[in-house]
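A quick write-up on the structure given underneath.
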Amino acid sequence: MDTTKAYVTIFLVAILTISVCNYNVLAMPVLQQFDRCIGACSRFYGNMQCYDNCRKLKYDGGQCDFVTKSENLPECCCYNNQN
């Protein structure tokens, strides 16, 4: 009886460990791939103005990219969804 209890305990600990490890891997964010950057982002309007400008150019959307240039000079980058 004690051997069965030990095996069940080890099995449950293994399942718990695997589920916690997979949770961290699956929760990583996916970076948005931009198709084209069309110019500087306005500090006043920000993402909404960039999004509207990209939609006018027939893209699915757009947002200010603070990584490409810097935080001081973000670019408005447009994207198409890959569905």
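Here are the numbers:
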| quantity | calculated |
| --- | --- |
| Unmet criterion (only one of (1) exposed (fewer than 10 other Cβ atoms within 10 Å of the Cβ); (2) basic (Lys, Arg); (3) modelled with pLDDT under 80) for Lys69 | (1) |
| Residue selected from segment 8-57 under the condition exposed (fewer than 12 other Cβ atoms within 10 Å of the Cβ), of a type outside the set (A, V, I, L, M) and at pLDDT below 60, by the criterion farthest from the chain's Cα centre (by Cα) | Cys21 |
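The values are calculated or read from the model by the stated rules, or taken from the named source; none is laboratory data. A quick note: this is a predicted structure, and the numbers were derived from the prediction, not measured. Positions of Cβ are backbone-derived with ideal geometry, glycine not excepted, and every protein chain shown enters the neighbour counts.
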